[in-house]
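The values are calculated or read from the model by the stated rules, or taken from the named source; none is laboratory data. Note that this is a predicted model, so its numbers are computed, not measured. Methodologically, a virtual Cβ is constructed for each residue, glycine included, from the backbone with ideal geometry; neighbour enumeration extends over all protein chains shown.
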Amino acid sequence: MHKHTRLTPPLRKEVYRKWCQGGWSYRSLGKAYHVDKNVVAVVVERGRLNDFSVHDSTNSRFRTIEYGLKRLAKTEAAIGKRLARTANRYERSVPGELVHGDTKRLPYIDGEHKGIKREALFVAIDDCTRYLAADILPDKTQWSAAIFLKVAVPRMPFPVECHYSDNGKEYRGTDEHAFMQACDDLGIEQGFTKVRHPWTNGKAERVIRTLLTEWFRKNRFTSRDERRRSLYRYVDWYNHCRPHHGIQKQTPVQKLTALLISGENA
């Protein structure tokens, strides 16, 4: 028993009995026995389980310090990761030299039967200009990823040299993998993030968050076809009208045009 406890087991039984008889609140019992109302609440809850023993208690100051140290360790780890990301941040100088890809399953549209597959959003964003290609495919598989690549790459206003992604099954597999074969067919190299280093593909993850915030959540779709057409309109606006802080508040098309002009004058 804790040497400073005010409620011994007999007193705890007494408190519980008075509570059960009615007419007493936690506050009134606390005043009568010179303890906090929260202590009374604990006594009553344990009394319902016929437990009137005095439990060992750790000083709250030490619990707070222990909790604070754990939080501090997590904060330091998070800061370390952020510094690492900042230190390794770079931008390719040639359009198409590196294109980041990522995938996100989209929620069901209101009224859709939950038995059907959720569609997947595929994105490819150029590291240099932030030029974006995006589409919605029936699922998040290697075959859908291959279809997206074969449609998106020819539409980009520059040749794509390397596709960079995480290690998802839609992007990586055996020699017969559909997406890997599509890359070979198009003459595109593949690069992958290190395990547990998702921030190295940050541009793709960030543009998906942007799409969800600026396009998906601001619209209410009644059909999958409507959602797809809406995405195409947004991507066109994104490339031609939306300024980006990462490229000095230019649009992707403006950045691409400036690079082409500087190359011609070089």
(message) So the check is Cβ under 6 Å with 6+ separation or different chains; which pairs have a first residue in region 182-207 that's on the phi < 0 side of the Ramachandran plot and a second one that's among the polar types (S, T, N, Q) and surrounded by fewer than 16 Cβ atoms within 10 Å (Cβ to Cβ)?
(response) CYS183/GLN190; PHE192/ASN167
(request) Among the residues of region 185-220, count how many are part of a helix (DSSP H, G or I), over 19 Å from the mean Cα position of the chain (by Cα) and more than 21 Å from ARG92 (Cβ to Cβ). (result) 1
(message) Being charged (D, E, K, R), under 16 Å from GLU119 (Cβ atoms), surrounded by 15 or more Cβ atoms within 10 Å (Cβ to Cβ) and out of contact with any Leu (no Cβ under 6 Å at 6 or more places or on another chain) narrows it down to one residue among GLU161, GLU170; which is it?
(response) GLU170
(message) Given the criterion at pLDDT below 90, surrounded by 10 or more Cβ atoms within 10 Å (Cβ to Cβ) and in contact with an Asp or Glu (Cβ under 7 Å, 6 or more places away or on another chain), identify the matching residue among GLY30, GLY68.
(response) GLY30
(message) Name the single residue that is surrounded by the fewest Cβ atoms within 10 Å (Cβ to Cβ) among those in region 96-152 being modelled with pLDDT of 95 or more and on the phi > 0 side of the Ramachandran plot.
(response) GLY96
(message) Restricting to region 225-266, name every residue that is out of contact with any Pro (no Cβ under 8 Å at 6 or more places or on another chain) and of a type in the set (A, V, I, L, M, F, W, C).
(response) LEU231, VAL235, TRP237, CYS241, ILE247, VAL253, ALA258, LEU260, ILE261, ALA266
(message) Just the residues that are closer than 30 Å to LEU186 by Cα and at pLDDT 70 or above, please, taken from region 71-95.
(response) GLU91, ARG92, SER93, VAL94, PRO95
(message) Going by what's in this entry, would LYS218 be described as loosely packed, with under 15 Cβ neighbours inside 10 Å and under 14 Å from THR103 (Cβ atoms)?
(response) no
